[in-house]
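What follows is a set of notes on a single structure, which appears directly below.
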Amino acid sequence: MTFWINLLGYQSVWFLLVRGAAHAQLALPLLAGAAFVLGQLLATQHTSLEARLLVAALLMGLFVDGVAASTGWLHYASPQPAWPSQGAPLWILMLWACFATTITRSLSVLRSRPWLAALAGGIGAPLAYLAAAHGWGAVQVSYWPGLSWIAACWALALPLLGALSRRDAPRDEARRA
């Protein structure tokens, strides 16, 4: 049941945030994203692991989408608020936070398969950005180097998040015992 709640919850929040960004109406989607993350944190027995994944994903988002925004490889329909001011928009960072909750739940199969995680990240992320661009108008993507940057970064980010979840899981369980 956790798998489906996480999968459907993440997809719902993705849709709300992308649609909200496209229409410059982000208050409710950001609130929904925060509620989703909080709900996932409250439902886990591995709170410290989930918190570390959340921080790691947010740092990755700051870098990946921050570089893409500041170089002009991606143009967001709702670029503000952003951190830094010309960097990753808050709604994109919320997507990264929500995505972090999928690593130990709906994407847990990728945790022990770094090659599959790299493939999924390298293909899935550019497709998600294209869907946000062409389906909703939430972002404009330069195909080169924008999509190349997204593909390469996500091909690294997803296996790194999986490795972090594997590395910290035994330590987290030992503390509870």
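The values are calculated or read from the model by the stated rules, or taken from the named source; none is laboratory data. The structure presented is a predicted model; accordingly, all values stated were derived computationally and were not measured. Please note: Cβ atoms are built from the backbone with ideal geometry, for glycine as well, and neighbour counts cover all protein chains shown.
Take the residues of region 121-165 that are among the polar types (S, T, N, Q) and in a helix (DSSP H, G or I): which is farthest from ALA51 (Cα to Cα)?
Keep residues of region 121-165 that are among the polar types (S, T, N, Q), which gives 140, 142, 148, 165.
From the residues that got through so far, the ones that are in a helix (DSSP H, G or I) too are 148, 165.
Values: SER148: 29, SER165: 11 Å.
By that ranking, first place goes to SER148.
The residues of region 76-116 that are over 17 Å from GLY33 (Cβ atoms) and either among the aromatic types (Phe, Trp, Tyr) or within 13 Å of the chain's Cα centre (by Cα) (or both), listed by number, are LEU107, TRP115. Within region 1-23, residues that are under 18 Å from ALA97 (Cβ atoms) and of a type in the set (Phe, Trp, Tyr) sit with their Cβ atoms under 6 Å from residues that are at pLDDT 95 or above and in a helix (DSSP H, G or I), at 6+ positions apart or across chains, in these pairs: TYR10/CYS98.
Considering region 64-120, the residues that are assigned to a loop (DSSP other than H, G, I, E, B) and of a type in the set (A, V, I, L, M) include one that is surrounded by the most Cβ atoms within 10 Å (Cβ to Cβ), namely ILE103. State which residue is surrounded by the most Cβ atoms within 10 Å (Cβ to Cβ) when the search covers only region 35-55 and only residues that are of a type in the set (A, V, I, L, M, F, W, C) and either touching a Phe, Trp or Tyr at 6+ places or on another chain (Cβ under 6 Å) or over 19 Å from TRP91 (Cβ atoms) (or both). The extreme case among them is LEU53.
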